[in-house]
């Protein structure tokens, strides 16, 4: 019996260590009201960004009748949708533009010491992904949901030199010339 309890305790500790390795940022919390016979019924939606500060980042959207439940749901979805963000010397490898509906996000690499020059949602994504220096501009519609999706469009288009060199069957030195 004692061994089972120890195993249970170890499993919980390992789970909490995995939870701590992620940075969770709430981008937007929205309250909506549904008018019913007895008055107003409120529900909440949350948009969160999760990252490990080492090049993995994801976003999630959750809805519930309770704030904490909506945030928990969105964080769970964000952890399931993690993507790789290529980070080179604390910045992104090259300039890129991402689109989602009417939102457009421009990301530019920056030299060391510049910091993250970006607005709300883009800043949250870059911080969670481990980028320390980047320039960005949000163009068009400023809906935070669409800006997040446009930023993830940028991330999906980013090219990593190591991956491209491997695909071409060359070493990194041959690749750079």
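Restrict the check to the range 138-159 and report whether at least one residue is in a loop (DSSP other than H, G, I, E, B), farther than 27 Å from residue 61 by Cβ and outside the structural domain of residue 30 (by TED's automatic domain parsing). Can you show your working first?
Step one: list which residues in the range 138-159 are in a loop (DSSP other than H, G, I, E, B), which gives 141-143, 158-159.
Subsequent filtering for residues that are farther than 27 Å from residue 61 by Cβ retains 159.
Filter once more, keeping what is outside the structural domain of residue 30 (by TED's automatic domain parsing): 159.
Yes, the range 138-159 contains at least one residue that is in a loop (DSSP other than H, G, I, E, B), farther than 27 Å from residue 61 by Cβ and outside the structural domain of residue 30 (by TED's automatic domain parsing).
Residue 39 fulfils the conditions (1) in contact with a helix residue (DSSP H, G or I) (Cβ under 7 Å, 6 or more places away or on another chain); (2) farther than 24 Å from residue 146 by Cβ except for a single criterion, (1).
One residue stands out among those in the range 90-117 that are without any contact (Cβ under 8 Å) to a residue 24 or more places away in the chain and within 27 Å of residue 22 (Cβ to Cβ): the one that is surrounded by the most Cβ atoms within 10 Å (Cβ to Cβ), which is 116. Assess whether residue 148 counts as being touching a residue at least 24 places away in the same chain (Cβ under 8 Å) and buried (at least 18 other Cβ atoms within 10 Å of the Cβ). Answer is yes for this residue.
The values are calculated or read from the model by the stated rules, or taken from the named source; none is laboratory data. From a predicted model like this one, the values you see are computed outputs, not experimental measurements. Glycine also receives a Cβ, built like all others from the backbone with ideal geometry; neighbour counts cover every protein chain displayed.
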